[in-house]
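Student: Got a structure here, written out as structure tokens. Questions coming.
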Amino acid sequence: MNFDDFNISDNIKKAIKEMGFEKTTPIQEMAIPAALKGQDIIGQAQTGSGKTVAFVIPILEKVFIPDRSPQAIILCPTRELCIQVAGEIEKVGSNIKKLKVLAVYGGQPIGKQLRVLNKGVHIVVGTPGRVIDHIERGSLDLIGIESVVLDEADEMLDMGFREDIERILRNTPHQRQTLLFSATMPDEIKRIAKMYQKKPKFIKIASTKKTIPKITQYSFKTDEKHKVEDMARLIDAYDVKLSLIFCNTKKRVDYVVRQLKSRGYKADALHGDMTQKVRYKVMNKFRNGNISILVATDVAARGIDVDNISVVINFDVPQNPEYYIHRIGRTARAGNKGYAFTLVSSYDAPYLVNIKKNYKVKITQKSIPTLREVEDIKNKLVLDEVKSIIRNEDLDDYIKVIRKNSSSGEDCVEMAAALLKMVRQN
Ligand code: AMP
């Protein structure tokens, strides 16, 4: 099915296209029409099924922007998931003007959350504990809630949030819509569903039908002479934070580290013959963010236990196809999303064919971004962040400063352009 087949607004269809989604996933196909009709849902589906978009679309369809009080609340077990879900709502809702989404979770200063809540938000994504905290402080009023989502309900129960969840549900209006998602269906979940849902539609997506691989794999045609330059463009264009680069030999590792360092990247090598102490030091630098790129051989990379590597880059294609699977498995840990980029010279090409023959992997061929494209992407990243700040943060004090200092009539677009230039040159 296609997203155009749903009875949803054009601005959402447009955003979905911009996100690059073409076909719906099974959970979306089954849950969206029912949820749009106002039905309650129990979705047995895992991360990777596309469940977030499945509940975000119906919620966004219902949001009434002029009313700046919470209309939907999404409960998630962890801070990471809250941030992820809030981000997904912002993306799907990127064409809805003035939409305000707030993630509230423990560990974040409450003051900022209070200020944003005070100014009014439409959708709250939170961990049950922090949501209760806001209810008790009187900063979160659930009277206008029309939809409640329990995301990863089994995880929340495992974490001991049962009482909090029930309390939140009891604090929301009875006529609300309740959407519950859980990878497993223990009795306790069934009990909650029975108590708090109205004739829910049960949707089960078999876990083997995991439709979306968490690791997005791209290959890039290059040649030996341009490999380093092309890789640098990828690192810039995809705004790579922590990455692990694999080379086939130690000599190549040293070469790549030298090249990257001379270009100003914070890179270091991990060698198989390093002492445990040195290895430990390098890994610590990587974990603390003192270096952002680790260049390693297959042997040296064994036992790297870092969860937030966003991209694995194969500077060389491994000759043993099994290594490819091991290498890319270093990203997309702990439920995170990950990318695997493979640089393919004419020398590497047969090995990539071999990998595709041996494993059912989907590796999409892409072209190396041009310098212009790298620039465009870098600008867009800054502007995306600006938009997110406009949506989510309290800017009153800064607006006053700008008003006070632009009395001579500077053009705001010009000012924004100058700020962008400053940020980009830093
Ligand atoms: P989830 O199961 O909600 O954690 O989603 C897993 C990932 O799949 C997220 O990164 C989504 O952005 C992405 N996704 C959701 N729906 C689709 C779709 N129809 N096609 C491709 N990717 C999708």
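The values are calculated or read from the model by the stated rules, or taken from the named source; none is laboratory data. The structure displayed is predicted, hence computed values, not measured ones. Neighbour counts run over all protein chains shown; Cβ positions are idealised from the backbone, glycine included.
Student: Counting residues that are outside the structural domain of K221 (by TED's automatic domain parsing), which helices (runs of 4 or more DSSP H) fully inside region 307-404 reach at least 2? Show your work before the answer.
Tutor: Details: elements: 321-328, 349-358, 371-392.
Where helices (runs of 4 or more DSSP H) fall fully within region 307-404 and carry at least 2 residues being outside the structural domain of K221 (by TED's automatic domain parsing), they are 371-392.
Student: Six or more apart or on different chains, Cβ under 6 Å: which pairs go from a residue in region 12-23 that's closer than 14 Å to I89 by Cα and of a type in the set (K, R) to one that's assigned to a strand (DSSP E or B) and more than 7 Å from the ligand (Cβ to nearest atom)? Could you list them?
Tutor: none
Student: Continuing with this model, one more query. Given the criterion β-branched (V, I, T) and within 23 Å of the chain's Cα centre (by Cα), identify the matching residue among I325, I355. Break it down into steps so the answer makes sense when it comes.
Tutor: On the way: I355 fails: within 23 Å of the chain's Cα centre (by Cα).
Every option except I325 fails the conditions.
Student: Here's a follow-up. Suppose we filter K225, K198 for residues that are loosely packed, with under 14 Cβ neighbours inside 10 Å and at pLDDT 95 or above; which single one remains?
Tutor: Details: K225 fails: at pLDDT 95 or above.
Exactly one of K225, K198 is loosely packed, with under 14 Cβ neighbours inside 10 Å and at pLDDT 95 or above, namely K198.
Student: Sticking with this one: Taking the conditions exactly as written (touching a Phe, Trp or Tyr at 6+ places or on another chain (Cβ under 6 Å), within 16 Å of the ligand (Cβ to nearest atom) and not charged (D, E, K, R)), does V125 satisfy them or not?
Tutor: No; evaluated as a whole, the condition is false for this residue.
Conditions (1) free of Cβ contacts under 8 Å to residues at least 40 places away in the same chain; (2) within 22 Å of the chain's Cα centre (by Cα); (3) over 30 Å from G43 (Cβ atoms), marked per residue:
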{"site": "P186", "(1), (2), (3)": "yes, no, no"}
{"site": "Y196", "(1), (2), (3)": "yes, no, no"}
{"site": "D239", "(1), (2), (3)": "no, yes, yes"}
{"site": "R263", "(1), (2), (3)": "yes, no, yes"}
{"site": "H271", "(1), (2), (3)": "yes, no, yes"}
{"site": "R279", "(1), (2), (3)": "yes, no, yes"}
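Student: Also: If you go through region 61-72 one residue at a time, how many are touching a residue at least 40 places away in the same chain (Cβ under 8 Å) and either within 19 Å of the chain's Cα centre (by Cα) or more than 13 Å from I145 (Cβ to Cβ) (or both)?
Tutor: Residues flagged as touching a residue at least 40 places away in the same chain (Cβ under 8 Å) and either within 19 Å of the chain's Cα centre (by Cα) or more than 13 Å from I145 (Cβ to Cβ) (or both) within region 61-72 amount to 3.
Student: Taking region 87-103, which residues are within 16 Å of the ligand (Cβ to nearest atom) and out of contact with any helix residue (DSSP H, G or I) (no Cβ under 7 Å at 6 or more places or on another chain)?
Tutor: As a first pass, look at region 87-103 and keep what is within 16 Å of the ligand (Cβ to nearest atom): 87-94, 101, 103.
Correct list: G87 only.
Student: Please pick out the residue among I41, I27 that is more than 9 Å from the ligand (Cβ to nearest atom) and within 30 Å of H174 (Cβ to Cβ).
Tutor: Working: I27 fails: more than 9 Å from the ligand (Cβ to nearest atom).
Result of the check over I41, I27: I41.
Student: Output the residue which, of all residues in region 298-314 that are surrounded by fewer than 21 Cβ atoms within 10 Å (Cβ to Cβ) and at pLDDT 80 or above, is farthest from the chain's Cα centre (by Cα). Even if it seems obvious, please write down each step before you answer.
Tutor: Let us first name the residues in region 298-314 that are surrounded by fewer than 21 Cβ atoms within 10 Å (Cβ to Cβ), namely 298-299, 301-308, 310.
Of the ones still in play, those that are also at pLDDT 80 or above are 298, 310.
Working: D298: 28, S310: 10 Å.
Restricting to residues being surrounded by fewer than 21 Cβ atoms within 10 Å (Cβ to Cβ) and at pLDDT 80 or above, the top hit is D298.
Student: Here are some conditions: (1) in contact with a strand residue (DSSP E or B) (Cβ under 9 Å, 6 or more places away or on another chain); (2) under 30 Å from I328 (Cα atoms). V228 meets all but one. Which one does it not meet?
Tutor: Evaluating V228 over (1) in contact with a strand residue (DSSP E or B) (Cβ under 9 Å, 6 or more places away or on another chain); (2) under 30 Å from I328 (Cα atoms) leaves (1) as the failure.
Student: If you don't mind, there's one more thing I want to ask. Could you check how many residues of region 73-112 are closer than 24 Å to E166 by Cβ, more than 18 Å from the chain's Cα centre (by Cα) and crowded, with 18+ Cβ neighbours inside 10 Å?
Tutor: 1
Student: When you check Q71 against the structure, is it within 14 Å of the ligand (Cβ to nearest atom) and in contact with a helix residue (DSSP H, G or I) (Cβ under 9 Å, 6 or more places away or on another chain), yes or no?
Tutor: Working: within 14 Å of the ligand (Cβ to nearest atom): no; in contact with a helix residue (DSSP H, G or I) (Cβ under 9 Å, 6 or more places away or on another chain): yes.
No; evaluated as a whole, the condition is false for this residue.
Student: Right, next: Of all residues in region 13-24, count the ones that are within 8 Å of the ligand (Cβ to nearest atom) and surrounded by fewer than 18 Cβ atoms within 10 Å (Cβ to Cβ).
Tutor: We begin by selecting, within region 13-24, every residue within 8 Å of the ligand (Cβ to nearest atom); these are 16, 19-24.
Filter once more, keeping what is surrounded by fewer than 18 Cβ atoms within 10 Å (Cβ to Cβ): 19-23.
Total satisfying the criteria: 5.
Student: Please indicate, with yes or no, whether at least one residue in region 226-242 is outside any helix (DSSP H, G or I) and closer than 22 Å to I27 by Cβ. Explain how you work it out, then say what you get.
Tutor: Our first condition is that a residue be outside any helix (DSSP H, G or I); within region 226-242, this holds for 238-242.
Right, trim to closer than 22 Å to I27 by Cβ and you get none.
No; the residues of region 226-242 include none that is outside any helix (DSSP H, G or I) and closer than 22 Å to I27 by Cβ.
Student: A further question follows. Output the residues belonging to region 358-367 that are in contact (Cβ under 8 Å) with a residue 24 or more places away in the chain and surrounded by fewer than 12 Cβ atoms within 10 Å (Cβ to Cβ).
Tutor: Kept after step one, since they are in contact (Cβ under 8 Å) with a residue 24 or more places away in the chain, are these residues of region 358-367: 358-359, 361-367.
Across region 358-367, the qualifying residues are K362, T364, Q365, S367.
Student: Say we look at region 211-243 and pick out the residues that are aliphatic (A, V, I, L, M) and within 16 Å of the ligand (Cβ to nearest atom); which of these is nearest to S346 (Cα to Cα)? Walk me through it before giving the result.
Tutor: Within region 211-243, the subset aliphatic (A, V, I, L, M) is 212, 215, 228, 231-232, 234-235, 237, 240, 242.
Checking the rest, the ones that are also within 16 Å of the ligand (Cβ to nearest atom) come to 212, 215.
Values: I212: 30, I215: 25 Å.
In this case the residue turns out to be I215.
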